[in-house]
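To start, the structure under review is shown below, and the notes come after it.
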Amino acid sequence: YEKKEVNVTFIRANGEKLLAKGKEGDSLLDIIVNNELDIDGYGACEGTLTCSTCHLILTKEDYDRLPEKPTDEELDMLDLAFDLTDTSRLGCQIIMTKELDGLQVKIPSTIYDARS
Ligand code: FES
């Protein structure tokens, strides 16, 4: 069984779109790293849920259709993020499925490292 390729568009606060490809099972953090997207400070803790720099903003529709709801640990870390919205998630905790192919997410204007 071959893992299916998935496409994700990351949209900067200024509207610039960054197109990226990954595979089912990749987190959005994995996809940003593997595509070498230049997002300053993103993913500082490498997915260990201690930084909040991987904050991303989803549409309401996408937020609701994600198969995994945020854990308490993720919500606690999100509380420390800047520009928090009702549809914010941490990119290291969103795992791509083939149903999510074509996902578009916004990068908040400020990336805050909760460890600083
Ligand atoms: Fe640090 Fe997601 S990369 S919390």
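Name the one entry in Gly25, Gly43 that is touching a Cys at 6+ places or on another chain (Cβ under 9 Å) and on the phi > 0 side of the Ramachandran plot. First the steps, then the outcome.
On the way: Gly25 fails: touching a Cys at 6+ places or on another chain (Cβ under 9 Å).
It is Gly43.
Just the residues that are in contact with a Leu (Cβ under 8 Å, 6 or more places away or on another chain) and either more than 10 Å from the ligand (Cβ to nearest atom) or among the charged types (D, E, K, R) (or both), please, taken from region 47-64. Outline the logic, then answer.
So the first thing to find is which residues in region 47-64 are in contact with a Leu (Cβ under 8 Å, 6 or more places away or on another chain), and the list is 47, 49, 52, 54-56, 58, 62.
Across region 47-64, the qualifying residues are Leu58, Asp62.
Only residues that are open to solvent by 50 Å² or more (accessible area, probe 1.4 Å) and touching a residue at least 40 places away in the same chain (Cβ under 8 Å): list them for region 7-16, please. Give the steps one after another, and end with the answer.
Taking region 7-16 first, the residues open to solvent by 50 Å² or more (accessible area, probe 1.4 Å) are 7, 12-14, 16.
Hits for region 7-16 are Asn7, Arg12, Ala13.
What are the residues in region 73-100 that are more than 14 Å from the ligand (Cβ to nearest atom) and farther than 9 Å from His55 by Cβ, if any?
If the condition is that a residue be more than 14 Å from the ligand (Cβ to nearest atom) and farther than 9 Å from His55 by Cβ, then Thr85, Asp86, Thr87, Met96, Thr97, Lys98, Glu99, Leu100 are the ones that fit.
From Lys4, Lys69, Lys60, grab the single residue that is over 14 Å from Ile95 (Cβ atoms), open to solvent by 80 Å² or more (accessible area, probe 1.4 Å) and basic (Lys, Arg). If you could, list the steps in order and put the result at the bottom.
Values: Lys4 fails: over 14 Å from Ile95 (Cβ atoms); Lys69 fails: over 14 Å from Ile95 (Cβ atoms).
Just a single option satisfies the conditions, and that option is Lys60.
Could you look through region 25-46, keep only residues that are outside any loop (DSSP other than H, G, I, E, B) and open to solvent by 40 Å² or more (accessible area, probe 1.4 Å), and pick out the one that is farthest from the ligand (Cβ to nearest atom)?
Filtering region 25-46 down to residues outside any loop (DSSP other than H, G, I, E, B) leaves 27-34.
From the residues that got through so far, the ones that are open to solvent by 40 Å² or more (accessible area, probe 1.4 Å) too are 30, 33-34.
Details: Asp30: 10, Val33: 10, Asn34: 14 Å.
Checking each candidate, the answer is Asn34.
Of all the residues that make up region 79-98, how many are surrounded by fewer than 19 Cβ atoms within 10 Å (Cβ to Cβ) and among the aliphatic types (A, V, I, L, M)?
3
Hey, among Leu103, Leu19, which residue is modelled with pLDDT of 95 or more, open to solvent by 10 Å² or more (accessible area, probe 1.4 Å), more than 14 Å from the ligand (Cβ to nearest atom) and touching a strand residue (DSSP E or B) at 6+ places or on another chain (Cβ under 6 Å)?
Values: Leu103 fails: open to solvent by 10 Å² or more (accessible area, probe 1.4 Å).
Just a single option satisfies the conditions, and that option is Leu19.
The rows are residues; the columns are (1) out of contact with any strand residue (DSSP E or B) (no Cβ under 6 Å at 6 or more places or on another chain); (2) more than 14 Å from Arg89 (Cβ to Cβ).
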position: Val8; (1), (2): no, no
position: Ser27; (1), (2): no, no
position: Ile32; (1), (2): yes, no
position: Leu37; (1), (2): no, yes
position: Gly41; (1), (2): yes, yes
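Could you count how many residues in region 82-114 are assigned to a strand (DSSP E or B) and within 14 Å of Val8 (Cα to Cα)? Before you say what the answer is, go through the steps one by one.
First, pick out the residues of region 82-114 that are assigned to a strand (DSSP E or B): 88-90, 95, 103-106.
Next cut, within 14 Å of Val8 (Cα to Cα) only: 95, 103-106.
Adding up the residues that qualify gives 5.
The values are calculated or read from the model by the stated rules, or taken from the named source; none is laboratory data. Not measured: the values here are computed from a predicted model. Neighbour counts run over all protein chains shown; Cβ positions are idealised from the backbone, glycine included. SASA here: full protein model, heavy atoms, side chains in, ligands and nucleic acids out. Shrake-Rupley method; radii C 1.70, N 1.55, O 1.52, S 1.80 Å.
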